[in-house]
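Enquirer: First, the structure itself, so that you have it in front of you.
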Amino acid sequence: MTLYFVLRTLSFLKKMKIVHYPHPALRHPAKPLTAIDKELRLQCGHMIELMYEARGLGLAATQVALPFQLLVMNITGDPEQRDREEILINPVIVERKGIVEDEEGCLSFPGLYQKIRRAKTLKVQAYDLKGQLVEKVVQDLEARAWQHEIDHLNGVLFIDKMGTIAKLSSRSSVKKFEQDFRRAQERGDIPLNVELEKLLAALEADA
């Protein structure tokens with residue numbers, strides 16, 4: 001890892017934030033991680049704090065413009081319950097059972113909520129920060145969170161999972177996210193998409 005990349009990463013961590021739709025990182029399929037180091041641990045710590053600040057239950061790396069197969073979760077959403085925190089590397093869904101529809105939101109679409117159909121029960125696998133395999137069965141809200149965050153890592157968003165009526169009722173909100181993002185780029189608050197894509201590619205290459 002180059003000194004340039006380390007310095008750039010430290011600068012990035014100081015301003016790490018949750019990106020909003022239609023930031024290109026949200027459609028960028030994440031790359032599997034092959035190493036666990038101090039830098040990754042720093043990134044995970046920042047992600048967890050951002051998740052709590054936003055009152056979320058989970059956060060995928062692509063939601064902070066990191067193109068890696070990584071997510072953090074605390075299904076209680078309670079920062080006092082640190083023992084419920086999970087850092088999940090290269091997570092996968094092995095098996096799905098049942099279907100349930102419930103309300104769902106997303107930290108990259110603040111204020112937007114719709115009913116989404118998801119599997120009720122999952123068998124899942126991931127690696128923790130010690131490199132040890134985690135395998136378990138999750139249900140209901142926790143299963144929903146796993147599906148939502150793993151979708152993020154594959155460039156799939158909860159608006160893609162909405163039914164026809166939900167998509168129609170969300171259209172104006174989605175359009176406003178798009179307009180706000182473009183205006184922020186015009187003001188220079190957010191780099192143009194071509195620059196954002198270059199950054200994602202550089203992060204992948206240096207990982």
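The values are calculated or read from the model by the stated rules, or taken from the named source; none is laboratory data. Fair warning: this is a prediction, and the values are worked out from it, not measured in the lab. A quick note on method: Cβ atoms are made from the backbone with ideal geometry, for glycine too, and the neighbour counts reach across all protein chains shown. Just so you know, the surface numbers come from the protein's heavy atoms only, side chains and all, with ligands and any DNA or RNA stripped out. Shrake-Rupley method; radii C 1.70, N 1.55, O 1.52, S 1.80 Å.
Enquirer: Mind telling me which of the residues GLU204, GLU197 ends up being open to solvent by 50 Å² or more (accessible area, probe 1.4 Å), touching a residue at least 12 places away in the same chain (Cβ under 8 Å) and either of a type in the set (Gly, Ala, Ser) or in a helix (DSSP H, G or I) (or both)?
Expert: Numbers: GLU204 fails: open to solvent by 50 Å² or more (accessible area, probe 1.4 Å).
The conditions single out GLU197.
Enquirer: Then there is this: Suppose we filter region 1-40 for residues that are at pLDDT 90 or above and in a loop (DSSP other than H, G, I, E, B); how many remain?
Expert: 17
Enquirer: OK, next. Would you mind telling me which numbered condition in (1) touching a strand residue (DSSP E or B) at 6+ places or on another chain (Cβ under 6 Å); (2) open to solvent by 60 Å² or more (accessible area, probe 1.4 Å); (3) not basic (Lys, Arg) PRO91 fails?
Expert: In the conditions (1) touching a strand residue (DSSP E or B) at 6+ places or on another chain (Cβ under 6 Å); (2) open to solvent by 60 Å² or more (accessible area, probe 1.4 Å); (3) not basic (Lys, Arg), PRO91 misses (2) alone.
Enquirer: Considering only residues that are of a type in the set (Val, Ile, Thr) and surrounded by fewer than 15 Cβ atoms within 10 Å (Cβ to Cβ), which ones fall in region 135-147?
Expert: VAL137, the sole residue that qualifies.
Enquirer: I've got another one for you. Report, by residue number, each residue of region 143-167 that is under 17 Å from ASN90 (Cα atoms) and either without any contact (Cβ under 8 Å) to a residue 60 or more places away in the chain or assigned to a helix (DSSP H, G or I) (or both).
Expert: The answer is ALA143, ALA145, TRP146, GLN147, HIS148, GLU149, ILE150, ASP151, HIS152, LEU153, VAL156.
Enquirer: Just to check your reading of the model, which residue among TYR113, TYR52 is open to solvent by 10 Å² or more (accessible area, probe 1.4 Å), in contact (Cβ under 8 Å) with a residue 24 or more places away in the chain and either among the hydroxyl-bearing types (Ser, Thr, Tyr) or in contact with a strand residue (DSSP E or B) (Cβ under 8 Å, 6 or more places away or on another chain) (or both)?
Expert: So the residue among TYR113, TYR52 that is open to solvent by 10 Å² or more (accessible area, probe 1.4 Å), in contact (Cβ under 8 Å) with a residue 24 or more places away in the chain and either among the hydroxyl-bearing types (Ser, Thr, Tyr) or in contact with a strand residue (DSSP E or B) (Cβ under 8 Å, 6 or more places away or on another chain) (or both) is TYR52.
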